[in-house]
């Protein structure tokens with residue numbers, strides 16, 4: 001795995017994740033510099049540590065029960081909103 005390709009692919013994946021809120025493993029594998037699934041999984045791990053994101057399984061619509069791995073941004077915790085609403 002080339003370090004430069006890994007860094008560029010991680011930045012592209014981070015931008016897509018921030019824009020769309022979730023990104024599938026197959027989306028990451030389709031990026032131009034991602035060589036294999038091992039590199040895609042390394043990018044997922046890096047995104048988990050850089051952003052407030054978590055991996056999960058999602059059923060693929062239109063298939064007969066197939067699943068895919070996606071990484072999605074966690075909902076931000078907004079402190080003070082619930083406290084002020086209860087007053």
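The values are calculated or read from the model by the stated rules, or taken from the named source; none is laboratory data. Given the structure is predicted, the values throughout are model-derived calculations rather than measurements. Cβ: placed from backbone, ideal geometry, glycine included. Neighbour counts: every protein chain shown.
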**OP:** Can you give me the ranges of the helices (runs of 4 or more DSSP H) entirely in the stretch 18-87 with at least 2 residues that are at pLDDT 85 or above and surrounded by 11 or more Cβ atoms within 10 Å (Cβ to Cβ)?
**Re:** 25-29, 37-50
**OP:** Pull up the stretch 29-48, narrow it to residues that are over 14 Å from residue 11 (Cβ atoms) and without any contact (Cβ under 8 Å) to a residue 24 or more places away in the chain, then point me to the one that is nearest to the chain's Cα centre (by Cα).
**Re:** 48
